[in-house]
Amino acid sequence: MPVHDWTRIYAGAFHDFHHLWLGTIRRALNGGLLPSDYYALVDQVAGALGPDVLTLERPAGLPPSNGNGSNRPAHAGGRQAVAERPPRTRFHITDEPRWYAAKNKAVTVRHASDHEVVAVVEVVSLGNKNSRHGIDAVVRKADQLLNAGIHLTVVDVFPPGPRDPEGVHPLIWGGGSDTGFRFDPSKPLTCAAYVGRPGAEAFVETYAIKDALPNIPLFLTARDYVDLPLEATYRAAYEDVPPAVREVLEAPPAA
């Protein structure tokens, strides 16, 4: 299914779809994609990221985790090792980053042993991009996530605007000609997976409106990930979009 131009409809319609899509992502992750020792929730992640989100206090007796999952054994499920199967994205960036992101509602992945958040899936909304305050929140809040060792996957279906002229990835990663990323005007939308610190890696895919959504990694540790099925979950969520909204999104361009 091609990605729709959500700028053609009012913001509330995408807000509704945003919730539907997060729910289908959660269902896919909990339906067998995640290893059995992880689970996913749709969480409210707004404002300052407090301990309920970051879960920095660990239960007594558990070994410390530095965000790379080194104290946890491998389990069955969709997990794959970067060394064995590198994610297939157009850009793989290993420069030292500036980490930024914003959170409203997002999918969080937690480890079942201690309920610690290990990863977050964020679908960017137009509200994140239509004001300087919104973009600043995108930048500020991800810094907290990634500095805490929490891995982040960001999906953006909105075209770049004056506050993100090359999309959200350069804001999250940090700009400059030496970052390994080159903006492609023919593929202006981005989705990207970031390894939380102390690692410094980004896996970025670009696409355009009317393209099928690419799969993108969701990292569980610095070395293990699952493929996030964006196309399948988008398609499932779109089935519940009201017909009146679909009519606007699917109408041919005006002559």
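No lab work stands behind these numbers, since they all come straight from the coordinates. All values reported here derive from a predicted model rather than from experimental measurement. Note that we place each Cβ from the backbone using ideal geometry, even for glycine, and neighbour counts take in every protein chain shown.
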Taking the alpha-carbon distance from Lys105 and a cut-off under 20 Å, which lysines remain once sequence neighbours fewer than 8 residues away in the same chain are dropped? Lys129, Lys141
All alpha-carbon distances of segment 107-176, grouped into 5 Å bins from 0, give the whole-percent distribution 3, 16, 26, 24, 15, 9, 5, 2, 0
Segment 170-255 shape via C-alpha gyration tensor axes, a/c threshold 1.5: oblate
Which percent, nearest 5, of DSSP beta bridges in segment 113-244 are antiparallel? 70
In whole Hz, with x marking every Gly and Pro, tabulate ³J(HN,Hα) for segment 145-150 from phi via Karplus 6.51 cos²θ - 1.76 cosθ + 1.60, θ = phi - 60°. 4, 6, 5, 7, x, 8
Counted neighbours (other Cβ, 10 Å), sorted fewest up, put Glu239, Glu201, Glu166 in the order Glu239, Glu166, Glu201
In straight Cα distance, which aspartates and glutamates are under 13 Å from Lys210, not counting same-chain residues fewer than 8 positions off? Asp5, Glu231, Glu250
